[in-house]
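A.B. asks: Have a look at the structure that comes next, please.
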Amino acid sequence: MIVSFASSKGGVGKSTTCAAIAAKLAQDGMSVLVLDLDQNQTVARWALKAAMPGLEVRAVAPDTFTAVFRDTASRFDHVLIDLAGTREATALKAMARSDLVIIPAQASEPDLREALVIIDDITDVVEAGAAGLQYRLLLTKLFPLPTRVTMFAHHEIARHAMARFDTGLVERAQYREMFLTGKAPTIAEPEGKAAREITGLIEEIHAILGRALTKTERAA
Ligand SMILES: Nc1ncnc2c1ncn2[C@@H]1O[C@H](COP(=O)(O)OP(=O)(O)OP(=O)(O)O)[C@@H](O)[C@H]1O
Ligand SMILES: [Mg+2]
């Protein structure tokens, strides 16, 4: 499968979610390529610490994205694309090549507005011919207990009929520590709460993509 992580809002958890999912897929024996378009190369730096067999991370300059994708993507079971926190042309190119776009957002008005902008871009990409492309909003950095802000977020999500994951990522130290230690949640504490969130998220992704051939399978 090919999954992009997109949001024009910075710091919402694109790189964190991308790295945590990549680690779990590699841990399960899959070959995983992460194309890192984040200017900070967050996932590329994490991967040096993580040093996981089956996981390859390439830092990619925006103007080389298409060429790198063409040369590499078909050799892996899964390709994850960590996009920059700005709205730019490479994001459209990456989304057009994906099966699924994950849009992380905190339960806040500004994050949800930005998510709507990305959803509009996805609608454009689908209308332009990227058949089968789906998206899901992923709530991140959630407070463990529901608050008024979370209730507002759910209300807004329903009002705009945004498709979202049932799984959300709670604000947890393990998501921060993974960049310090290199150990993703499913490695650091496989039965821990963060690991269960990531596993649940991957199960949902497989259910969403279902039995249809993903773009990596079609290329193989
Ligand atoms: N669920 C979480 N719990 C705790 N900390 C988190 C969580 N998700 C992300 N963070 C922290 O928030 C910060 C920003 O996360 P991240 O780098 O993943 O965001 P991003 O969307 O990739 O940002 P950018 O747009 O700048 O690339 C990091 O310090 C990360 O450790
Ligand atoms: Mg990032």
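Any read-out appearing in this document is the output of simple, stated calculations on the displayed coordinates, not a laboratory observation. In this text, all values refer to a predicted model and were calculated from it rather than measured experimentally. Here Cβ is always computed from backbone atoms with ideal geometry, including for glycine, and neighbour counts include all displayed protein chains.
A.B. asks: Quick check: the distance between the Cα centres of the range 1-44 and the range 161-220, to the nearest angstrom?
C.D. replies: Rounded to whole Å, the Cα centres lie 10 Å apart.
A.B. asks: Using only the Cα atoms of the range 2-219, each taken as one equal point scatterer with no solvent, compute I(q) by the Debye sum, divide by I(0), and report log10 of the ratio at q = 0.07, 0.10 Å⁻¹.
C.D. replies: -0.19, -0.39
A.B. asks: Just list whichever of Lys24/Lys215; Lys14/Lys193; Lys141/Lys215; Lys93/Lys193 have alpha carbons separated by over 28 Å in the model shown.
C.D. replies: As for pairs spanning more than 28 Å Cα to Cα, those are Lys141/Lys215; Lys93/Lys193.
A.B. asks: According to the square roots a ≥ b ≥ c of the eigenvalues of the Cα gyration tensor, what is the shape class of the range 44-156, taking rounded for a/c under 1.5, prolate for a/b larger than b/c otherwise, and oblate for the remainder?
C.D. replies: Note, shape of the range 44-156 comes out oblate.
A.B. asks: Place +1 on the Cβ of every Lys and Arg and -1 on the Cβ of every Asp and Glu in the chain, take the dipole about the Cα centre, and give the residue among Pro53, Thr216, Gln106 whose Cα lies farthest towards its positive end.
C.D. replies: After comparing all options, I get Pro53.
A.B. asks: While we're looking at this one, here's another question. In nm, give the distance between the simple-model label positions of Thr72 and Leu180, each being 7 Å from the Cα along the Cα-to-Cβ direction.
C.D. replies: In this crude spin-label approximation the distance works out to 2.9 nm.
A.B. asks: Right, here's the next one. Mind checking the full-extension length gain between Phe152 and Val170? Use 0.36 nm per residue of separation minus the Cα-Cα distance, one decimal, nm.
C.D. replies: The Phe152-Val170 span can extend by a further 4.8 nm.
A.B. asks: A further question on this structure: If you keep only loop residues by DSSP, which trypsin sites (Lys or Arg not before Pro) in the range 143-220 have at most 10 other Cβ atoms within 10 Å of their Cβ?
C.D. replies: Qualifying residues, ordered by number: Arg211.
A.B. asks: Taking the number of other C-beta atoms within 10 Å as the exposure measure, put Val170, Val43 in order starting with the fewest.
C.D. replies: Ranking Val170, Val43 by Cβ neighbours within 10 Å, fewest first, gives Val170, Val43.
A.B. asks: Taking neighbour Cβ counts within 10 Å as the exposure measure, how do Met95, Met1 sort from fewest upward?
C.D. replies: Taking fewest neighbouring Cβ atoms as first place, the list is Met1, Met95.
A.B. asks: Evaluate the distance, in nm, between pseudo-label points positioned 7 Å from the Cα of His206 and of Ala188 along their respective Cα→Cβ axes.
C.D. replies: Computed distance between label sites His206 and Ala188 equals 2.5 nm.
A.B. asks: Picking from Ala188, Ile21, Leu139, whose Cα lies most toward the positive end of the charge dipole for the chain (charges on Cβ: Lys, Arg +1; Asp, Glu -1)?
C.D. replies: Ala188
A.B. asks: So for the chain, averaging the separation of alpha carbon pairs under 8 Å that are six or more residues apart and normalising by length, what relative contact order in percent results?
C.D. replies: 27 percent
A.B. asks: Related question: For an R0 of 45 angstrom, estimate the FRET efficiency from the Cβ-Cβ distance between Leu145 and Thr64 and round to the nearest 0.05.
C.D. replies: That pair, Leu145 with Thr64, gives E of 0.50.
A.B. asks: What range in the chain is the longest one free of GluC sites (Glu not before Pro) that are in a loop by DSSP and have at most 13 other Cβ atoms within 10 angstrom?
C.D. replies: Within the chain, the longest run free of exposed GluC sites (Glu not before Pro) spans 1-87.
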